[in-house]
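Scroll down for the structure; my scribbles are underneath it.
The values are calculated or read from the model by the stated rules, or taken from the named source; none is laboratory data. Everything numeric here is computed off the predicted structure, so don't read it as measured data. Here the Cβ is made from the backbone with ideal geometry for all residues, glycine too, and neighbour counts use every protein chain on show.
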2 protein chains.
Amino acid sequence: MSFSFNIDSNCEKARAGTLLVDGNEISTPVFMPVATKSAVRTLSSADLIELNFDIILSNTYHLYLTPGTNVLSQFNGLHNFMKWPKSILTDSGGYQVFSLNHNTKISEEGVVFKSHIDGSSHFFSPESVMAIQQIIGSNIVMPLDHCIYSADDEIDVRNSMQRTHDWLIRSVNSHNSSNSALFGIVQGGVYSNLRKESCLFESELDLPGYSIGGLAVGEDKSTMYRIVEECNEYLPSDKPRYLMGVGSPEDLVTCVSLGVDMFDCVLPTRLARNGAIFTKAGRKNIKKSTNKLLDTPLEDDCLCECCQNYSAGYIHQLFKVSEILGYRLATIHNLFFLKQLMVNIRNSILNNTFNSFKNEFLSNYQPTNEIARMEQKKQWLKGRNII
Amino acid sequence: MSFSFNIDSNCEKARAGTLLVDGNEISTPVFMPVATKSAVRTLSSADLIELNFDIILSNTYHLYLTPGTNVLSQFNGLHNFMKWPKSILTDSGGYQVFSLNHNTKISEEGVVFKSHIDGSSHFFSPESVMAIQQIIGSNIVMPLDHCIYSADDEIDVRNSMQRTHDWLIRSVNSHNSSNSALFGIVQGGVYSNLRKESCLFESELDLPGYSIGGLAVGEDKSTMYRIVEECNEYLPSDKPRYLMGVGSPEDLVTCVSLGVDMFDCVLPTRLARNGAIFTKAGRKNIKKSTNKLLDTPLEDDCLCECCQNYSAGYIHQLFKVSEILGYRLATIHNLFFLKQLMVNIRNSILNNTFNSFKNEFLSNYQPTNEIARMEQKKQWLKGRNII
């Protein structure tokens, strides 16, 4: 396993870099599509190559439950199982244990949780999560972390942060560094002092990269941006910084300006299946009847397979009859949009025009209503008994 | 509109031919995938081109209900709506009115039926069905026919046949022949005398092609084969013969040997979404746990996109987690299988080796159990209050 990160150019805090992972070159800033259950929903690995993605994220929690480590072991890992020749980053399951289960019991040793599929009981420790990711064959692995609702009481957040640190030490000790790069995950909720402490503690370990965890879990956007900025002040500037679970176009642009290099999120693919289409002006709901008679693409100058071949009216009809092809074409469009956005961001950093690119993008892009978004997220968290 | 049919070679009753439809060359025997609601389910028009299909079938009934004639008219027809550059055949809705609705009222004038979507009331006449297909822009159109359960009483079947003939005359009179080729549909259930009468009556009209309707609707296979053989004796030998709604591999091979040139069926795509995979040995259920650890393709020597890239174990996992990609890859495999089968059938006719090809194929291919198949079909018909 070889891993390196080089910063090719800066534009104030924004960075354009190159990750070299086992010979695979990944330009940053990078957005990683999420292959939760060994596929980016609706797409094949060949489709992802076609879309020019160099790295995807998959989930240790989901892969552990299905297909399970026996299948992945038999197939010599996820790369061969899904026939994906490029890089894979896996999260640790810390977030899924936090968000999908109602019967989680956390102790110093690890986490006992019930499967969201069949209710069966399982145990994750920092060590077992390293072992599972080794079977998965991930190129970049995450340590088990204790992720809690970011607005929780400071004492609770401090405790979860300290547990995350303890678990990180155990992860480092059990990690077989010859096979993958282990990143740290900083926690500390919305508390600046805790985030600083977490960043400084983990920086000391001189890991190949650092993830910012515990954000995009219910706090408002300005708080998220503040915390990201503060973390990046204390994280080593020569290591890649990965903001976990963030993927709306406005967040990608803004967080690159705050010094983030890597992102992942199910948002573009989940939105696509719900008919929400990314455009430079903001999200467009393809299900609206105003699209019915449109013989023009979802976005006029878009070069994706969907926009190059099919009309908004046709995609509207596919959604109206719940045709799977519609979900696929919308997914291709949204991922192409984000890939193109990252390419444009990177080029503008290399050309030292990132600030004007950012200002222009954000002035054109109408984000979803923040109050509505917060309310949706609150309902989602409530539905999972998290708040 | 130009339409011609040339028989390139015979092998006893089997024929290899060429349809020339508006400049598009279609080799026969041909299987037409079904794009019920303006898409072959899970696939785009680009995918169908990739699979080398030259003609697809779509449904007048479904297209009339959604997206509707106003949308299709605005888009100048289905070719442009779904961006399909090759040929389209549309059925007349006769079969759907028969199979999907419980409140059909048939008179000499036409059919009053309720939409299976919202229960709204509609009227189809031979003339309106011609007009709808003109808006769709089909290259080959079907007349409204009266399709009844094939085991019905002979008097009822005779009446429906005579109505079909009356309606065919009206269809011919209202058909704008400059835009499309109108086929006849012969009826007559399982009664040899009625089938003969229907074939002779319709042959007199010297139409560009003939469809055999009212089969594969509950009768056993040997009865279906007998009726197909009898129809082909009385249909003109220089016109294409289209057996409607038939598409299992064993039926395609057998019915080509009886002189059929064209087929359509939702079976390969519907089976695919249920995990039933065509192989030379018969159908294989990919959901079975025996596939779980297989790092080999669905079929070893298959050249389809699915088999060339992914393992049976991976497809099994996609079905296990209900991942849309699995439905798509299985659909690609089944349609590739049928396309390849038709190519092999045609080549063997051209090489005068069709009989040995047929015998070898049928000796290797294990069809589904006939009793189980009949029982399933009976339940399906009962579910629609047809029997």
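Values as computed for the structure displayed
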{"read-out": "Test: B:Ala39 is without any contact (Cβ under 8 Å) to a residue 40 or more places away in the chain, in contact with a helix residue (DSSP H, G or I) (Cβ under 7 Å, 6 or more places away or on another chain) and within 14 Å of chain A (Cβ to nearest Cβ)", "value": "no"}
{"read-out": "One residue from B:Asn344, B:Asn364, B:Asn355, B:Asn351 being farther than 22 Å from B:Met262 by Cβ and surrounded by fewer than 16 Cβ atoms within 10 Å (Cβ to Cβ)", "value": "B:Asn364"}
{"read-out": "Selected residue [farther than 22 Å from A:Gln366 by Cα and at pLDDT 95 or above] from A:Asp238, A:Asp251, A:Asp264", "value": "A:Asp238"}
{"read-out": "Out of B:Val71, B:Val112, sole residue that is more than 23 Å from B:Gly247 (Cα to Cα), in contact with a Leu (Cβ under 8 Å, 6 or more places away or on another chain) and not in a loop (DSSP other than H, G, I, E, B)", "value": "B:Val71"}
{"read-out": "Residue within region A:122-134 that is in the same structural domain as A:Ser211 (by TED's automatic domain parsing) and in a loop (DSSP other than H, G, I, E, B) present", "value": "yes"}
{"read-out": "All positions within region B:264-290 that are hydroxyl-bearing (Ser, Thr, Tyr) and under 15 Å from B:Thr368 (Cβ atoms)", "value": "B:Thr279"}
{"read-out": "Members of region A:118-145 that are under 22 Å from the mean Cα position of the chain (by Cα) and at positive phi", "value": "A:Gly137"}
{"read-out": "Residue match in region A:97-117 (condition: touching a residue at least 60 places away in the same chain (Cβ under 8 Å), more than 22 Å from the chain's Cα centre (by Cα) and under 22 Å from A:Gly68 (Cα atoms))", "value": "yes"}
{"read-out": "The listed residue being in contact (Cβ under 8 Å) with a residue 60 or more places away in the chain, more than 14 Å from chain A (Cβ to nearest Cβ) and of a type outside the set (D, E, K, R), out of B:Asn351, B:Asn355", "value": "B:Asn355"}
{"read-out": "Odd one out for B:Met130 among (1) more than 14 Å from chain A (Cβ to nearest Cβ); (2) surrounded by fewer than 17 Cβ atoms within 10 Å (Cβ to Cβ); (3) in contact with a helix residue (DSSP H, G or I) (Cβ under 6 Å, 6 or more places away or on another chain)", "value": "(2)"}
{"read-out": "Meets criteria (buried (at least 16 other Cβ atoms within 10 Å of the Cβ), out of contact with any Phe, Trp or Tyr (no Cβ under 6 Å at 6 or more places or on another chain), facing chain B (nearest Cβ under 9 Å) and in contact (Cβ under 8 Å) with a residue 60 or more places away in the chain) for A:Arg328", "value": "yes"}
{"read-out": "Complete set of residues in region A:113-127 that are out of contact with any His (no Cβ under 7 Å at 6 or more places or on another chain) and hydrophobic (A, V, I, L, M, F, W, C)", "value": "A:Ile117, A:Phe123, A:Phe124"}
{"read-out": "Complete set of residues in region A:74-109 that are of a type outside the set (Ser, Thr, Tyr) and assigned to a helix (DSSP H, G or I)", "value": "A:Gln74, A:Leu78, A:His79, A:Asn80, A:Phe81, A:Gly94, A:Gln96, A:Val97, A:Phe98, A:Leu100"}
{"read-out": "B:Lys284 in contact with a Leu (Cβ under 9 Å, 6 or more places away or on another chain) and either assigned to a helix (DSSP H, G or I) or not assigned by TED's automatic domain parsing to the domain that holds B:Cys147 (or both)", "value": "yes"}
{"read-out": "Residues of region B:288-325 that turn out to be more than 8 Å from chain A (Cβ to nearest Cβ) and either among the polar types (S, T, N, Q) or outside any loop (DSSP other than H, G, I, E, B) (or both), as a count", "value": "12"}
{"read-out": "Residue within region A:278-296 that is under 21 Å from the mean Cα position of the chain (by Cα) and crowded, with 21+ Cβ neighbours inside 10 Å present", "value": "yes"}
{"read-out": "Considering residues of region B:78-87 that are more than 11 Å from A:Tyr314 (Cβ to Cβ) and buried (at least 16 other Cβ atoms within 10 Å of the Cβ) only, the residue nearest to the other protein chains (Cβ to nearest Cβ)", "value": "B:His79"}
{"read-out": "Some residue of region B:51-61 being within 10 Å of chain A (Cβ to nearest Cβ), modelled with pLDDT of 95 or more, crowded, with 24+ Cβ neighbours inside 10 Å and touching a strand residue (DSSP E or B) at 6+ places or on another chain (Cβ under 7 Å)", "value": "no"}
{"read-out": "Of all residues making up region B:9-29, the number that are closer than 22 Å to B:Glu229 by Cβ and either exposed (fewer than 14 other Cβ atoms within 10 Å of the Cβ) or modelled with pLDDT under 95 (or both)", "value": "1"}
{"read-out": "Verdict on B:Lys358 being more than 30 Å from B:Ala39 (Cα to Cα), at pLDDT 95 or above and among the basic types (Lys, Arg)", "value": "yes"}
{"read-out": "From B:Ser178, B:Ser160, residue being part of a helix (DSSP H, G or I), at pLDDT below 95 and small (Gly, Ala, Ser)", "value": "B:Ser160"}
{"read-out": "Failed condition for A:Ala312, given (1) crowded, with 21+ Cβ neighbours inside 10 Å; (2) within 23 Å of the chain's Cα centre (by Cα)", "value": "(2)"}
{"read-out": "A:Asp145 being modelled with pLDDT under 90, away from chain B (no Cβ under 14 Å) and touching a Gly at 6+ places or on another chain (Cβ under 8 Å)", "value": "no"}
{"read-out": "Residues (of a type in the set (Lys, Arg), assigned to a helix (DSSP H, G or I) and more than 23 Å from B:His333 (Cβ to Cβ)) located in region B:226-279", "value": "B:Arg226"}
{"read-out": "Qualifying position, being under 17 Å from A:Thr60 (Cα atoms), modelled with pLDDT of 95 or more and in the same structural domain as A:Ser87 (by TED's automatic domain parsing), among A:Gly209, A:Gly184", "value": "A:Gly184"}
